[in-house]
Amino acid sequence: MSTTTMTAPADKKSHSLALKAGILLVGLHVAIGLLTLVWLPYDPTAMAGGRLEGPSLLHWLGTDRLGRDLFTQMMIGSRIALVVGVGAVAIGAVIGVTLGLLAAFASKWLDDALAATLDILIAFPTLLIAMLVVAASDTANLWSAIVALGIALSAIVARLTRILAKRVLVMDYITAARTSGSGWPKIVAIHILPNIWPTLSVNFALQFGLAVIAEASLSYLGLGAPPPNASWGRILQEAQGTVYTAPLGAIAPGIALVSLAIGVNLLADGLRDTIDPTRRAR
Amino acid sequence: MSALLSLENLSVHAGSKALVSNLSLSLNRGERLGLIGESGSGKSLTSLAATGLLPAGLAASGSAILAGKQVIGAPDRELNQLRGTAVAIVFQEPLTALDPLMRVGKQVAEPLARRAKRDGTPLSGTALDQAVLALLDEVALPEPQRIAKSYPHELSGGQRQRIAIAMALACKPDLLIADEPTTALDVTTQSEILGLLDRLVRERNMALLFISHDLPVVANTVSQVVVLRQGETVEAGNVADVFANPRHDYTRSLLAAARRLDDAMEGRA
């Protein structure tokens, strides 16, 4: 016990530091993403300079093999990554939480069937499921990629929701709410969802990072946003042929991906400690 | 007038195993009945069966009539009407009986608003807040304003149990079921909570079903007692008679154990 009290202040400090770093990284991407809606340094589809130019004051990250400004492409990439992350996690959350709650309330055999189905789905890599869904739809575009990733992520959300909800369901305060005449929809809304949210939200952040990376992979394979949408995955794919002459084209998307994924994780970790009153400083 | 709660040959089964068998008891408004026995003797299951809250996998048979309505086999929708008006439960562990992420004032407001709506006099806004504070005051919590804004983990065990009692009272129940309400508390807090329950049951003229394995507590709280052992009723009757002249070996052994503990506490062993 004494060791936990001793480390508590340090923990708290590191948590708030993580939160700040998360806000900074995510805020940077959000700001750039929003900026692309009103202003871009160059026309993203037009030739802005020579081919494969190095970094200069005019072109901060240089140009790609078609002479397009790489920094402009990267900025649009931020916007696409955010849309994909938010969209995929939202779809995954709606499907996953609904299925998970259904399983938690279902009769034993239905619950077992759902749990087994989810386990099988989880056994497949997220990317593979997403590729199957994209392949099954006629056109490969950004929206089909988002929906595919959302569906692929929902299995994990559903399993997590199911087990978390089951744990809350056996608590005395649920029985107490039922004794006082609360119906199930109300109990789900005011007791179950708030109590599983801290854990779910951290999971959503992890999945946001996963979705952004998976979309980059899909785009890299030509299954994501089609040209001329400048997804980070596509920038990476287009740069791979010229990686020895213009390495920035491959390094920049990599750094952008990692910084966004880490930022969201730090943010979620910090936010959970702020949302959950039992984790707040006493 | 028929009894408020009347159990006749109530049995609870898990598969083919009987957890409670052929339990009969009846309780009228203003009466206090103790249900005693060791852990796993079916005390809590009896109270859950009487309110239709048995967990999935357990089946009840026989008859449990609560406020004139048959509980066994009734659909959840009908039971919801019955719960929160006829009966309320106070649980053993006040920490798990409160939602850890909801301010306690809101947790008390929830059943209060529902009961008021059912009575046709909806409460909201400041009127509801006032009613919550009045209720916290009634369960003798100091500084109701501050406590209403607290989360359960910020309160002491005794304060939490008072909140749980306030939530039960918010339903204005005719029958209060107290399931080992003092087991998780220390001895001083225990007697305070028992005093509070005693006062509230008297003032509001409720019936009390008191579940406990603590014989001295039972002896001071209730007038009638039913002794359970492995789901079977071994003895029932007036609490003074049963404790003074136990007719069953099991009751005798329970009493002897309680006495040995008393002796040990007072250094006579």
Qualifying helices (runs of 4 or more DSSP H) (wholly inside the stretch B:144-263; at least 3 residues being under 30 Å from A:Arg279 (Cα atoms))
B:144-148, B:157-170, B:187-204
Quick one: which of A:Leu82, A:Leu52 is crowded, with 18+ Cβ neighbours inside 10 Å and at pLDDT below 85?
A:Leu52
For the stretch B:153-163, which residues satisfy the criterion of being touching a Leu at 6+ places or on another chain (Cβ under 9 Å) and either among the polar types (S, T, N, Q) or facing chain A (nearest Cβ under 7 Å) (or both)?
B:His153, B:Gln159, B:Gln161
Scan the stretch B:119-130 and give yes if some residue there is at the interface with chain A (Cβ under 10 Å from one of its Cβ atoms) and at pLDDT below 90, otherwise no.
no
Being surrounded by fewer than 13 Cβ atoms within 10 Å (Cβ to Cβ), polar (S, T, N, Q) and more than 14 Å from chain B (Cβ to nearest Cβ) is the filter here, so list the residues in the stretch A:244-282 that pass it.
A:Thr245
Among the residues in the stretch A:159-181, are any of a type in the set (S, T, N, Q), over 30 Å from B:Ala109 (Cβ atoms), away from every other protein chain (no Cβ under 13 Å) and out of contact with any Cys (no Cβ under 7 Å at 6 or more places or on another chain)?
no
Look through the stretch B:77-111, keep the residues that are part of a helix (DSSP H, G or I) and more than 9 Å from chain A (Cβ to nearest Cβ), and return whichever of them is surrounded by the fewest Cβ atoms within 10 Å (Cβ to Cβ).
B:Glu78
Being in contact (Cβ under 8 Å) with a residue 24 or more places away in the chain, among the hydrophobic types (A, V, I, L, M, F, W, C) and out of contact with any Leu (no Cβ under 8 Å at 6 or more places or on another chain) is the requirement here; does B:Val239 meet it?
yes
Answer yes or no as to whether A:Ile192 is within 14 Å of another protein chain (Cβ to nearest Cβ), part of a helix (DSSP H, G or I) and among the hydrophobic types (A, V, I, L, M, F, W, C).
yes
In this structure, is A:Ile235 within 14 Å of chain B (Cβ to nearest Cβ), in a helix (DSSP H, G or I), crowded, with 16+ Cβ neighbours inside 10 Å and among the β-branched types (Val, Ile, Thr)?
no
Going through the stretch B:1-39 one residue at a time, which ones are part of a loop (DSSP other than H, G, I, E, B) and more than 13 Å from B:Ile211 (Cβ to Cβ)?
B:Met1, B:Ser2, B:Ala3, B:Leu4, B:Gly15, B:Ser16, B:Asn28, B:Arg29, B:Gly30, B:Glu31
If the requirement is being modelled with pLDDT of 90 or more and in contact with a Ser or Thr (Cβ under 6 Å, 6 or more places away or on another chain), which of these qualifies: B:Asp179, B:Asp174, B:Asp198?
B:Asp179
Of the residues in the stretch B:1-40 that are surrounded by 14 or more Cβ atoms within 10 Å (Cβ to Cβ) and at positive phi, the one that is farthest from the chain's Cα centre (by Cα) is B:Asn22
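The values are calculated or read from the model by the stated rules, or taken from the named source; none is laboratory data. Since the structure is predicted, the reported quantities are computational estimates derived from the model, not experimental observations. Using ideal geometry, Cβ is built from the backbone for each residue, glycine included, and neighbour counts are taken over all protein chains shown.
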